[in-house]
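See below for the structure under consideration.
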Amino acid sequence: MKQEKERVQIFIDAGNFYHLVLKKLGAGENDFSFDDFASFLANGRKITSLGKRFYVGTVREQAGNPRSKKAMSKQTRLFTALKSGGWEIKTSKLRTRIERIKIDARVENYEELHKKGVKLIEIRTTREKGIDVKLATDLIVGAVDDRYDTAIVISSDSDLVPAIDWVRMKGKKKIEYIGFSILDKRDEKASTRPLQTMISRTDIQRILVESDISKFIKAKEEHNRE
């Protein structure tokens with residue numbers, strides 16, 4: 001009797017992957033071949049229907065902000081490419097927060113800044129809300145509905161651990177953690193390292209280095225043609 005292939009689903013936390021991996025390597029999401037990466041991760045195993053899953057915060061165009069328009073255009077292009085490759089895209093809104101920093105004696109050379117009229121700095125930050133919840137929910141639902149034998153998780157977010165524990169203990173499915181060891185050449189302390197919590201709470205661990213990832217980054221000439 002022919003033995004059926006192991007079934008896998010791939011869960012990519014896109015924001016986590018970008019900041020921990022692609023940004024360190026000077027690449028954007030549109031420079032990366034997610035289809036080829038998925039095949040590499042599956043390694044001969046069967047990727048089930050809707051088994052390539054991509055979780056990301058959506059970019060919104062802001063009036064008077066050309067950068068936001070450019071970012072939105074890039075993301076639209078990314079979504080088009082992913083959908084053509086059969087990816088299931090799960091989105092969440094990006095929340096913007098403005099932080100105001102007062103320039104006072106705590107800031108080096110603050111007097112010079114005051115002379116130039118700089119007494120307050122505003123920093124705009126954005127953060128995904130709810131991505132971890134959506135990914136965790138899909139992990140559990142996939143286990144309950146028997147949609148996979150092994151879930152391949154590309155995220156170093158410890159908030160996923162309770163869902164991972166449930167999938168392994170109650171759902172009787174395997175979790176394969178994909179971690180990364182990427183050197184940040186500008187600041188070694190900011191280098192990406194695998195999350196020990198994820199290593200200890202998963203069934204299979206694969207730690208990828210720069211050479212594993214770089215082969216999926218498109219050459220500049222190829223990217224420019226697109």
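In straight-distance terms, cross-link reach from K46 covers every one of the lysines whose alpha-carbon lies under 16 Å from its own, apart from those fewer than eight places away in the same chain; here that gives K2, K5, K173, K174.
Taking the Cβ of A190 as the centre, find all other residues whose Cβ is under 12 Å away and add up their charges (Lys, Arg: +1; Asp, Glu: -1).
Cβ neighbours under 12 Å give a net charge of +3.
With 25 Å as the limit, write out which pairs from K69/K185; K116/K189; K70/K189; K52/K134; K69/K189 have Cα-Cα distances beyond it, or answer none. In this structure, K69/K185; K116/K189; K70/K189; K69/K189 lie more than 25 Å apart at Cα. Among K102, K115, K52, the largest mean-square fluctuation in a Gaussian network model of the chain (Cα springs under 10 Å) belongs to K115.
Close amide-amide hydrogen proximity is noted between K52 and I10, E88, each under 5 Å apart and 5 or more residues distant or on a separate chain (H modeled in the peptide plane; Pro and chain starts excluded). Counted by Cβ distance under 9 Å from D157, the other residues give a net charge of -3, where Lys and Arg count +1 and Asp and Glu count -1.
The alpha-carbon atoms of the chain, seen along their principal axes, cover 82, 42, 33 angstrom, with the largest extent given first.
The angle between the Cα long axis of helix 131-144 and the longest principal axis of the Cα atoms of the chain comes to about 10 degrees, rounded to the nearest 10.
Between L195 and F180, the built amide H atoms are under 5 Å apart, and every one of these is 5 or more places off in sequence or on another chain.
Any idea what the dipole of the chain comes to, in debye rounded to 20, about its Cα centre with Lys/Arg Cβ at +1 and Asp/Glu Cβ at -1? Show your work: numbers first, answer last.
On the way: 46 positive and 34 negative charges, 114 e Å.
Result for the chain is approximately 540 debye, rounded to the nearest 20.
For the chain, the longest principal axis of the alpha carbon atoms and the long axis of helix 66-84 meet at an angle near 10°. Each label was represented as a point 7 Å from its Cα along the Cα-to-Cβ direction; for K83 and S158 these points are 3.8 nm apart.
Multiplying the residue separation of K119 and S33 by 0.36 nm and removing their Cα-Cα distance gives an extension gain of 26.5 nm.
A short reminder: the numbers here are calculations on the coordinates, not readings from a lab. Computed from a predicted model, the values in this text were never measured in an experiment. Quick reminder, even Gly has a Cβ in these numbers, built from the backbone with ideal geometry, and neighbours come from all protein chains shown.
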